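Notes follow the structure.
Bear in mind these aren't lab numbers, they're just calculated from the coordinates by the rules spelled out. The shown structure was predicted, so the numbers you read here are calculated from the model rather than taken from an experiment. All Cβ positions, even for glycine, are placed from backbone atoms using ideal geometry, and neighbour counts span all protein chains on display.
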Amino acid sequence: MQIDILIFDGFDDLDALGPNELLRHAARAGAPFEVSLVTLAGAERVLTGVGTTLVPDRQLAERPDLVLVPGGGLLDGSPTGVLAEIERGAIPAALARLHADGVAMASVCTGALLLAAAGVLDGRPATTNRLALDRLRETGAEVIDERVVDDGDVLTSQGVTAGMDLALWLVERERGAEFADALAQGVEYERSGRVWRRSEAAA
């Protein structure tokens, strides 16, 4: 599974780097993941929301299996981050195209608002940082107040550290709970909250 973690100026470090580390550890342990930090237009450097400079691996692929979108900047009025990228429009347009082509989507924290701007969450269950749930509801998403929401080809998670639980859930979907729990123990992370799944709504 090719997982592209899409980073941009102003994204929240942990939103992307937490899942990045866990998914890469999982890959080294045998999970079928190829994980990359990518940018939309091949930027050589990205400045995170707290001022860290990162060098991305490459440009966003034409058709990865899954794109993971972090949040950042939405709740603190930053001139960079999610709101700036929504206004710019290039990332939502790319996400809309990829999802229409069958690429799965995942988001951490306010990255869900970028998915919403792409039309990916219209009428679908989703979550985000609890301070942004009303804003997400206004986009037409069906807000579910749970740590991780798994709607099949679209997964969303709550604020910042919830990205770790999202990543571990992706690992569990591919390799099972025992594998994911061992990974969590290896990095001394205690899994938190619930994973809401579409099957629960149908039950």
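When the residues of region 12-36 are filtered to those that are surrounded by fewer than 18 Cβ atoms within 10 Å (Cβ to Cβ) and among the hydrophobic types (A, V, I, L, M, F, W, C), which remaining residue is farthest from P56 (Cα to Cα)? Ranking the qualifying residues of region 12-36, first place goes to A29. Out of R191, R135, R173, one residue alone is in a helix (DSSP H, G or I) and farther than 23 Å from E87 by Cα. It is R173.
For region 92-116, name all the residues that are part of a helix (DSSP H, G or I), of a type in the set (A, V, I, L, M, F, W, C) and surrounded by fewer than 24 Cβ atoms within 10 Å (Cβ to Cβ).
Here is the first cut: in region 92-116, the residues part of a helix (DSSP H, G or I) are 92-100, 111-116.
Narrowing the set further to residues that are of a type in the set (A, V, I, L, M, F, W, C) leaves 93-96, 98, 100, 112-116.
Of everything in region 92-116, those that are part of a helix (DSSP H, G or I), of a type in the set (A, V, I, L, M, F, W, C) and surrounded by fewer than 24 Cβ atoms within 10 Å (Cβ to Cβ) turn out to be A93, A94, A96, L98, A100.
Count, please, the residues in region 117-132 that happen to be assigned to a helix (DSSP H, G or I) and either crowded, with 19+ Cβ neighbours inside 10 Å or among the polar types (S, T, N, Q) (or both). So the answer is 2.
Within region 104-153, track down each residue that is of a type in the set (D, E) and under 14 Å from L68 (Cβ atoms). Selection gives D150, D153. Here is the figure for region 30-70: residues that are within 22 Å of D150 (Cβ to Cβ) and in a loop (DSSP other than H, G, I, E, B) total 7.
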